[in-house]
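The values are calculated or read from the model by the stated rules, or taken from the named source; none is laboratory data. Not measured: the values here are computed from a predicted model. SASA here: full protein model, heavy atoms, side chains in, ligands and nucleic acids out. Shrake-Rupley method; radii C 1.70, N 1.55, O 1.52, S 1.80 Å.
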Amino acid sequence: MERTAKLFSYIFHPITVPFLTTLLYFSLASFYFNSVEISIVLGQVLIMTCLLPICIYVLLKSIRLINSTVMVSSIKERLIPFIINIGLLLTLKDYILLENSAYTIRLYFWGLMNSYLLLLLFALLKQKASVHMATLANSFIFFIHLLIELQKPDIIGLIGFVFLLGFVASSRLLLKAHTSKEIIQGFLIGILPGVIYCIARYSM
């Protein structure tokens, strides 16, 4: 059981979720783009949200600014990675993807960046929230937004996503990486930017 929990924690690690979400986006909206456009965006997202953060983590660990594992459990050691992630997401959203026709994915990165800002605020207040849940919940809200925008009702997909959230939350609890409070905080941090956007967008 513990091995399964670790597997879920690594597969849906905060640095892999943005790429997986981008894959989900193109799987739903592939008819709007050609294969070259999709490959370019996927490559850009992979580099900025996964490969580059891994390289930065290795650098920070080598100079001993981070001593934790790749999960970075210490609140104090989370500050620098959070700031770096915010900078990378801002660069990706406002510069790299600015002229790209896949404009909807920029909305996802806007929400993710704001979730990291909230995570940073919580860390500064000495509060630990689950980054796994925050990033996955952000993807969940984006998935709902996509279904509305594309007018593609997908009850099975929604149910599957809810089960996935439950599995990841259970995995973090089983591994004693977080308390129930931290899981709930992470979930709320993840959905808040998307909920605010949807309320502002669809109430007009």
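Please calculate how many Å² of accessible area the chain carries per residue, with a 1.4 Å probe and no DNA, RNA or ligand atoms counted.
Heavy-atom accessible area per residue stands at 53 Å².
Under the 0.36 nm per residue contour assumption, what length would be gained going from the current alpha-carbon distance of THR104 and LEU175 to full extension? Intermediate results must be reported in sequence, preceding the final value.
On the way: separation 71, 0.36 × 71 = 25.56 nm, distance 3.51 nm.
So the extension gain works out to 22.0 nm.
Extension gain PHE167-ILE47, at 0.36 nm per residue separation less the Cα-Cα distance, in nm?
Separation in residues times 0.36 nm, less the Cα-Cα distance, equals 40.5 nm.
Mind computing the radius of gyration and Dmax over the alpha-carbon atoms of segment 73-125? Å is fine for both.
12.5, 39
At 1.4 Å probe size, with the rest of the protein present, what percent of the exposed accessible area of the chain is carbon and sulfur atoms?
Values: 7650 of 10810 Å².
The C+S portion of the solvent-accessible surface of the chain is 71 percent.
Can you give the angle from 0 to 90° between the axis of helix 2-11 and the longest principal axis of the chain, with both taken from C-alpha atoms, to the nearest 10?
With both axes taken from Cα atoms, the answer is about 50 degrees.
I'd like the orientation of helix 35-46 relative to the chain: the angle between its Cα long axis and the longest Cα principal axis, in ° from 0 to 90, rounded to 10.
20 degrees
Would you work out the Kirkwood radius for segment 129-171? I mean one over the mean of 1/r across all pairs of different Cα atoms, in Å.
This gives a value of 10.8 Å.
How much length is gained if the chain between GLU77 and SER39 is pulled fully straight, taking 0.36 nm per residue apart and subtracting their Cα-Cα distance, in nm to one decimal? All intermediate terms of the calculation are to be shown ahead of the outcome.
On the way: separation 38, 0.36 × 38 = 13.68 nm, distance 3.39 nm.
Working it through step by step, the gained length comes to 10.3 nm.
Run the count for the chain, please: Lys pairs, Cα-Cα under 28 angstrom, 8 or more apart or on different chains.
22
Going from most exposed to least, what order do PHE33, PHE109, PHE163 have by accessible area with a 1.4 Å probe?
PHE163, PHE33, PHE109
Show me, for segment 85-93, the HN-Hα J-couplings you get by feeding each phi into the Karplus relation (A = 6.51, B = -1.76, C = 1.60, θ = phi - 60°), rounded to Hz, glycine and proline as x.
Once θ is set to phi - 60°, the couplings for segment 85-93 become 4, 4, x, 5, 5, 5, 4, 5, 6 Hz.
Counting each DSSP H run of 4 or more residues in the chain as -39500 (n - 2.57), what helix-only mean residue ellipticity at 222 nm follows after dividing by all residues, to the nearest 500 deg cm²/dmol? Could you put the intermediate results ahead of the total?
Details: 9 runs with 148 residues, N = 204.
Helices in the chain give a 222 nm mean residue ellipticity of -24000 deg cm²/dmol.
Nearest 10 degrees, 0 to 90: what angle lies between the long axis of helix 180-202 and the longest principal axis of the chain (Cα atoms)?
For 180-202 against the chain, the angle is about 20 degrees.
By accessible area of protein heavy atoms, probe 1.4 Å, what ranking do ILE156, ILE63 get, highest first?
On the way: ILE156 140, ILE63 100 Å².
So the residues, ranked largest to smallest area, are ILE156, ILE63.
Any idea what Rg and Dmax come out to for the chain if you just take the C-alpha atoms, in Å?
Spelled out, the Cα radius of gyration and Dmax of the chain are 16.6, 50 Å.
Go through segment 20-31 residue by residue and turn each phi into a ³J(HN,Hα) via Karplus (6.51, -1.76, 1.60, θ = phi - 60°); whole Hz please, and just put x for glycine and proline.
These are the phi-based 3J(HN,Hα) values: 5, 5, 5, 4, 4, 4, 6, 5, 8, 10, 4, 6 Hz.
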